[in-house]
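Here is the structure we will look at.
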Amino acid sequence: MNNQAPAHITYPKSIKSFVTRAGRTTSGQAKALADLGPRFVLAFNRDAFNAEQAFGRTAPLILEIGFGMGDATAHIAQVRPEDNFLCCEVHEPGVGALLKRMGELDLNNIRILQHDAVEVIEHMLPAESLDGVHIFFPDPWHKLRHNKRRLIQTAFVHELVKRLKPGGYIHCATDWQPYAEHILKVMQSEPGLINRSQRADSFSDQPIYRPLTKFENRGLKLGHGVWDLVFERR
Ligand SMILES: C[S@@+](CC[C@H](N)C(=O)[O-])C[C@H]1O[C@@H](n2cnc3c(N)ncnc32)[C@H](O)[C@@H]1O
């Protein structure tokens, strides 16, 4: 069965790329939410995001969409202390987990928005405000009838590109080959982007800052592939 949606189709805004999952927040996550949330979790609003005010410094700004439990996020923020990371996730236990990790590692270069990243981009992020975007293992929505829920679609990528500074990048990773091919097609047909890959298959080697997650390691041991894609704004 062909598992790919045509790249040019845009979908109504009411379709979300996530489902709100019920999930237990552990006591450690709840404590982190209470102790560190007021400092590091920002409120969604419709005002232009003021990064200097939010982070207390001027630094390159990277947006991460859907950080899950935040393991990769915390690692990257630790190995790239010179960058600011604005990180979106809708799942509350994940927000608690990242805050807990931030406390353990004493990280100060992450701010969290517990909100739909599509709305954050639309309402809070001005043109040319981002130096990079990270989207790691976005929900693959395997079934053909669910492909429309995939985050990465032509219209969405176009909006992202507008928010990138020239030379800014989008880095995606996925372990689902049909989604990898779909992302490649969408990014390659976006006129504002160029592929940074030097490889014949157009995918990228895993950039050194992106750690292998537990989940990914398990997949790799089972012989599953992972595809990284890195594109740059012209
Ligand atoms: C498959 S998980 C991957 C999590 C993490 N990046 C990783 O590599 O482990 C995808 C995550 O994206 C989040 N997500 C999906 N769509 C989102 C959106 N529009 N805004 C914010 N988070 C979203 C989901 O809640 C989920 O936690």
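Taken together, the values in this text are just the output of simple stated rules run on the coordinates, not laboratory data. Just so we're clear, the structure is a prediction, and the values are computed from it rather than from any experiment. Positions of Cβ are backbone-derived with ideal geometry, glycine not excepted, and every protein chain shown enters the neighbour counts.
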Filtering GluC sites (Glu not before Pro) in the stretch 24-113 by DSSP loop and by at most 10 other Cβ atoms within 10 Å leaves Glu82
Run through the DSSP bridge list for the chain and note the antiparallel percent, rounded to the nearest 5.
35
Taking 7 Å along the Cα-to-C-beta vector as the label spot, tell me the Asp205-Glu128 distance in nanometres, rounded to one decimal.
3.3
Label-point gap, in nm, between Asp47 and Ala30 - each point 7 angstrom along Cα→Cβ
3.2
Return the loop-located trypsin sites (Lys or Arg not before Pro) in the stretch 116-155 (DSSP other than H, G, I, E, B) with at most 13 other Cβ atoms within 10 Å of their own Cβ; answer none if there are none.
Lys143
222 nm mean residue ellipticity, helices alone, for the chain (DSSP H n ≥ 4; -39,500 (n - 2.57); rounded to 500)
-10000 deg cm²/dmol
For every other residue with a beta carbon closer than 12 angstrom to the beta carbon of Leu36, add +1 if it is Lys or Arg and -1 if Asp or Glu, then tell me the sum.
+2
In this model, which of Lys31/Lys162; Lys16/Lys162; Lys16/Lys185; Lys143/Lys221 are farther than 29 Å apart at the alpha-carbon?
Lys31/Lys162
In nm, to one decimal, how far is the modelled label at Val19 from the one at Asp106, with both set 7 Å along Cα→Cβ?
4.3
Any idea what % of Cα-Cα pairs in the chain are farther than 25 Å?
39
If you average the C-alpha positions of the stretch 59-130 and of the stretch 134-176 separately, how far apart do those two centres end up, in angstrom?
16
Segments 188-195, 223-230 sorted - mean Cβ within 10 Å per residue, highest first
223-230, 188-195
